[in-house]
1. Return yes or no: is LEU99 at pLDDT 95 or above and under 20 Å from SER128 (Cα atoms)?
2. Is at least one residue of the range 120-129 surrounded by fewer than 16 Cβ atoms within 10 Å (Cβ to Cβ), assigned to a helix (DSSP H, G or I) and in the same structural domain as ILE205 (by TED's automatic domain parsing)?
3. Looking at the range 145-252, what strands (runs of 3 or more DSSP E) fall wholly within it and have at least 1 residues that are farther than 30 Å from HIS76 by Cβ, outside the structural domain of PHE35 (by TED's automatic domain parsing) and charged (D, E, K, R)?
4. Answer with yes or no whether LEU56 is within 26 Å of LYS225 (Cα to Cα), modelled with pLDDT of 95 or more and touching a strand residue (DSSP E or B) at 6+ places or on another chain (Cβ under 7 Å).
5. Can you tell me how many residues within the range 150-176 are over 16 Å from PHE93 (Cβ atoms), under 15 Å from the mean Cα position of the chain (by Cα) and not acidic (Asp, Glu)?
6. How many residues does the range 12-26 contain that are away from ligand 2 (no atom under 16 Å from the Cβ) and farther than 15 Å from HIS216 by Cα?
7. If you check GLU199 against the conditions, is it surrounded by fewer than 18 Cβ atoms within 10 Å (Cβ to Cβ) and in contact with a helix residue (DSSP H, G or I) (Cβ under 9 Å, 6 or more places away or on another chain)?
8. Among the listed residues ALA138, ALA158, identify the single one that is within 15 Å of ARG85 (Cβ to Cβ) and either away from ligand 1 (no atom under 16 Å from the Cβ) or not aromatic (Phe, Trp, Tyr) (or both).
Amino acid sequence: MKDEIILYGEKVTKTFGALRAVWEVDFSVRRNEIFGIIGPNGAGKTTLLSMINGTLHVTRGSIHYKGINITNWKPHRIAELGISRTFQIVKPFPGMTLLENVSIGALFGKDKIVNIRKAQERARYVLSRLNLTEKEQAPVETLNVSERKRLELARAMAMDPDLILLDEVMAGSSPADLEKIMELIVELNREGKTILLIEHVMKAIMSISHRIMVLHHGEKIAEDKPENISKNDKVISAYLGSKYVKRSQQNA
Ligand SMILES: Nc1ncnc2c1ncn2[C@@H]1O[C@H](COP(=O)(O)OP(=O)(O)OP(=O)(O)O)[C@@H](O)[C@H]1O
Ligand SMILES: [Mg+2]
């Protein structure tokens, strides 16, 4: 159904002592949308994503997915519902190859593949989409930053989620890798996946997101289409800066 809300949060709040990391944020993501989240360092983007997938406890407020209140569910139960994530600080399983790392994603995803050969088949398919086939037997310790970011994405994709939460998967990528990751995200979206995307690479997030939410000091200061976000005074003074606006006007 068009415009159906697949994920929403009401007054989602996370405090660490006196710090309001995320403060009363209302948000809603539509089915098959690419929903971007931007904001300065420390704005609360990763914290919000961690509350959605259950790796961080919600202090107050609620999160709903496909009509189910998933607030403070355990991460594995949320994964089984079809939500997977990447970590900004990459978390490969050490002492294993790339293929083994990605196979684990397949074993713990929505489909709960129990056959190891099937899990590897799925992992190989995903690795090929990320141009990592040649490295499948490489120990994860030997991968560079960009390859580790793609491993995060591969593991999340291997879980075959309906909703993918991506936390700065483009950071540290060469311009060529960046293009490929953007293309892949758009492709996944065309295949029916809903995508929540945190990114500092403005060119990328502005061009592929359908809507963007802006966080600042834990609070939502805007939610709109990218073209309106880049003209929003609050967003310009909190995050984008006038230089960005001049540059994007020149490029327009
Ligand atoms: N486990 C924690 N304990 C205490 N404070 C935390 C914890 N995790 C995050 N914070 C704080 O919460 C705030 C929001 O952090 P968060 O990592 O969500 O920001 P972010 O928007 O993802 O930033 P960045 O763009 O740098 O990744 C920051 O002030 C951070 O220091
Ligand atoms: Mg972050």
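1. So LEU99 passes the test.
2. For the range 120-129, residues surrounded by fewer than 16 Cβ atoms within 10 Å (Cβ to Cβ), assigned to a helix (DSSP H, G or I) and in the same structural domain as ILE205 (by TED's automatic domain parsing): absent.
3. Because the criterion is at least 1 residues that are farther than 30 Å from HIS76 by Cβ, outside the structural domain of PHE35 (by TED's automatic domain parsing) and charged (D, E, K, R), no strands (runs of 3 or more DSSP E) in the range 145-252 meet it.
4. The answer is no for LEU56.
5. Residues flagged as over 16 Å from PHE93 (Cβ atoms), under 15 Å from the mean Cα position of the chain (by Cα) and not acidic (Asp, Glu) within the range 150-176 amount to 9.
6. Selection size over the range 12-26: 2.
7. no
8. ALA158
The values are calculated or read from the model by the stated rules, or taken from the named source; none is laboratory data. Values in this document were obtained by computation on a predicted structure and should not be read as measured data. All Cβ positions, even for glycine, are placed from backbone atoms using ideal geometry, and neighbour counts span all protein chains on display.
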